[in-house]
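Contents: one structure, followed by commentary.
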Amino acid sequence: MSNTAAKSVVLVHGGFVDGSGWDGVYQILKKDGYDVTIVQNPTTSLAHDVTVTKRAIAAAPGNVILVGHSYGGVVVSEAGTDPKVAGVVYIAAFAPDAGESVSTLIANPPPGASVPPILPPVDGFLMLDKAKFAASFAADVRPSLASFMADSQVPWGVAALEGKVTAPAWKVKPSWYLVATDDKMIPPPAQRQMATRAQATTVEVVGSHAVYVSNPAAVAKLIEQAATSVVKN
């Protein structure tokens, strides 16, 4: 292991949730000696979220492994070109190309793909149907926690879904991707396609969209693999 391997990790959550879901991953990384920052994005617009994330990158010591879950993958794709970012990790995440957004990536789901139970927008924000949240987002999370996640949802701004990436980090930074094989929010075939396009080092883990909550050990393992693989230029 090089002594210039990244020891700072910045974790970026996705839509409908906040950063608290990273707790299990955070505890493992901290125990293993990493400096960890959990971004609390407002998920109001891509530009706002990138600004908040870049602020966290700037404050982190040394070079950074930038990690995004779900919509957080869009945020890290845009923010990850920051010179302090040594590598980008996608956890069941969108990994858009230039000009793509969540809206464009979900526009034409394949036949038979699960359709997330997104309710009609209210005041420009989206929520998931609470009654269907666990089955679609967190099927392998303990029921009491899945219920809490449903009841503590963060409204997701339509403007954030429509935010288009300008220059994706995965084109210029080494990347890693964890495919959640039982995901009902982002179809696993779409995850594999994005991972392949990004030429990401890819692992597959049995898990729901909330795999970062239900299996933090697998997620932390991939992040640490990324951290020990990169050398800051």
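The values are calculated or read from the model by the stated rules, or taken from the named source; none is laboratory data. Since we're looking at a predicted model, the values are computed, not measured. With ideal geometry, Cβ positions are generated from the backbone for all residues, glycine too; neighbour counts draw on all protein chains shown. For accessibility, only protein heavy atoms count, side chains too; no ligands or nucleic acids. Shrake-Rupley method; radii C 1.70, N 1.55, O 1.52, S 1.80 Å.
Any chance the stretch 78-95 includes a residue that's more than 20 Å from TYR177 (Cβ to Cβ), open to solvent by 10 Å² or more (accessible area, probe 1.4 Å), over 14 Å from the mean Cα position of the chain (by Cα) and in contact (Cβ under 8 Å) with a residue 40 or more places away in the chain? No, there is no match, as no residue in the stretch 78-95 is more than 20 Å from TYR177 (Cβ to Cβ), open to solvent by 10 Å² or more (accessible area, probe 1.4 Å), over 14 Å from the mean Cα position of the chain (by Cα) and in contact (Cβ under 8 Å) with a residue 40 or more places away in the chain.
Among helices (runs of 4 or more DSSP H) entirely within the stretch 1-97, having at least 1 residues that are of a type outside the set (Phe, Trp, Tyr) and within 16 Å of THR166 (Cα to Cα) singles out 46-59, 72-79.
Condition check ((1) under 22 Å from LEU29 (Cβ atoms); (2) outside any helix (DSSP H, G or I); (3) in contact with a Phe, Trp or Tyr (Cβ under 9 Å, 6 or more places away or on another chain)) across all residues:
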| site | (1), (2), (3) |
| --- | --- |
| LYS173 | yes, yes, no |
| GLN193 | no, no, no |
| GLU204 | yes, yes, no |
| ALA217 | yes, no, no |
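Pairs linking a residue in the stretch 7-32 that is modelled with pLDDT under 95 to a residue that is part of a strand (DSSP E or B) and open to solvent by 10 Å² or more (accessible area, probe 1.4 Å), with Cβ atoms under 9 Å and 6 or more positions apart or on different chains, are LYS7/ASP35.
If the condition is being within 21 Å of ASP49 (Cα to Cα) and surrounded by fewer than 22 Cβ atoms within 10 Å (Cβ to Cβ), then the stretch 139-162 contributes SER152, GLN153, VAL154, PRO155, VAL158, ALA159, GLU162. Checking the structure you have, find out if any residue of the stretch 60-68 is in contact with a His (Cβ under 7 Å, 6 or more places away or on another chain) and surrounded by 24 or more Cβ atoms within 10 Å (Cβ to Cβ). No - not one qualifying residue is present in the stretch 60-68. The conditions are (1) of a type outside the set (A, V, I, L, M, F, W, C); (2) touching a strand residue (DSSP E or B) at 6+ places or on another chain (Cβ under 8 Å); (3) closer than 29 Å to ASP32 by Cα; (4) without any contact (Cβ under 8 Å) to a residue 40 or more places away in the chain, and TYR212 fails exactly one of them. Which is it? So TYR212 meets the others, but not (4). Restricting the stretch 199-233 to residues that are under 24 Å from PRO143 (Cβ atoms) and of a type in the set (Val, Ile, Thr) leaves a set whose member that is surrounded by the most Cβ atoms within 10 Å (Cβ to Cβ) is VAL219.
Looking at the stretch 26-52, which of its residues are surrounded by fewer than 18 Cβ atoms within 10 Å (Cβ to Cβ), farther than 21 Å from THR81 by Cα and out of contact with any helix residue (DSSP H, G or I) (no Cβ under 7 Å at 6 or more places or on another chain)? Result: GLN27, LYS30, LYS31, GLY33. Only one entry of PRO116, PRO109 meets the criterion of being part of a loop (DSSP other than H, G, I, E, B), open to solvent by 40 Å² or more (accessible area, probe 1.4 Å) and either under 20 Å from LYS164 (Cβ atoms) or of a type outside the set (Val, Ile, Thr) (or both), and that entry is PRO109.
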